[in-house]
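Everything on this sheet refers to the single structure shown next.
Bear in mind these aren't lab numbers, they're just calculated from the coordinates by the rules spelled out. Just so it is clear, the model here is predicted, and its values are computed rather than measured. Glycine gets a Cβ as well: all are built from the backbone with ideal geometry, and neighbour counts include every protein chain shown.
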Amino acid sequence: MAADPIEVLRRARDGEIELDFAEPLTPQELEDLASQLDAPLPRELTAVLAETRAIDGIEPIDFTGRTMDVEVGELSPAGLPIATDGAGNFWVLDLTPDDRELTPVFFLCHDPPVFAFQSPTLGDFLDELFRKYEPPHQSLVRDVQKDGVHEIWRTNPGAIGRDAALGGDIELSEFAASLEEEFDIVDLREPEVGLGFSWGRYGPRTEIRRHGYARLFASGRPEKKQQGFLRRLRGG
């Protein structure tokens, strides 16, 4: 069962971690934010924004995404970065037109260059993030940061070739048919926490594809003179 983000926030507010909760968004500010996004605000994010817009005291959290200096469009077309570890890595709400209630959170890491599934909902992400700072400090956020991204980079789990993907379900086979032969595909439509996609598999100019809003990803060797996602991520 998904964690209720409001219960998580209120428990954290009354807990031992010293946290600074910013004011919530006003109804007009909430409407303005919704108009700026490329997908609807999911119900749980709307509820959180009515409680607070940002939290300081641990990893900087900004539920509006406005202070998060990162471009995520190639990996998450309507993605909303909501937190950073301060080392150039971000947690991103992968907003889509179909996720109107709950939305998964991914960890966008640049070293190694991996996009990892962090939590199935915003409430679950916040719960695990606060657990990281509470005894006994067992947290899926810590696990993904410390070990998960490196395991994805080492083993490239779940990656399949284009030919194999052509024999999959309709959505997967359509995606494969749109790719050149050298692409590897990772299916994150129903992932476990800690699985992910190596977006820099072939160096800083790796070609990255996503099948619309479906959580199907592909990477291929770069064509000459193409500027890769890592350089764009860093604003170069």
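At-a-glance table
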read-out	value
Identity of the residue in segment 42-78, out of contact with any helix residue (DSSP H, G or I) (no Cβ under 6 Å at 6 or more places or on another chain), among the hydrophobic types (A, V, I, L, M, F, W, C) and in a loop (DSSP other than H, G, I, E, B), that ends up surrounded by the fewest Cβ atoms within 10 Å (Cβ to Cβ)	ALA50
Selection count where residues are part of a loop (DSSP other than H, G, I, E, B), in contact with a helix residue (DSSP H, G or I) (Cβ under 9 Å, 6 or more places away or on another chain) and either hydroxyl-bearing (Ser, Thr, Tyr) or buried (at least 19 other Cβ atoms within 10 Å of the Cβ) (or both), scope segment 180-192	1
Output for segment 188-211, where each listed residue is in contact (Cβ under 8 Å) with a residue 24 or more places away in the chain, over 13 Å from GLU74 (Cβ atoms) and of a type in the set (Asp, Glu)	GLU192
Filter result (crowded, with 23+ Cβ neighbours inside 10 Å and either in a loop (DSSP other than H, G, I, E, B) or of a type in the set (D, E, K, R) (or both)) within segment 125-139	ASP127
Count of segment 79-112 residues which are in a loop (DSSP other than H, G, I, E, B) and buried (at least 18 other Cβ atoms within 10 Å of the Cβ)	8
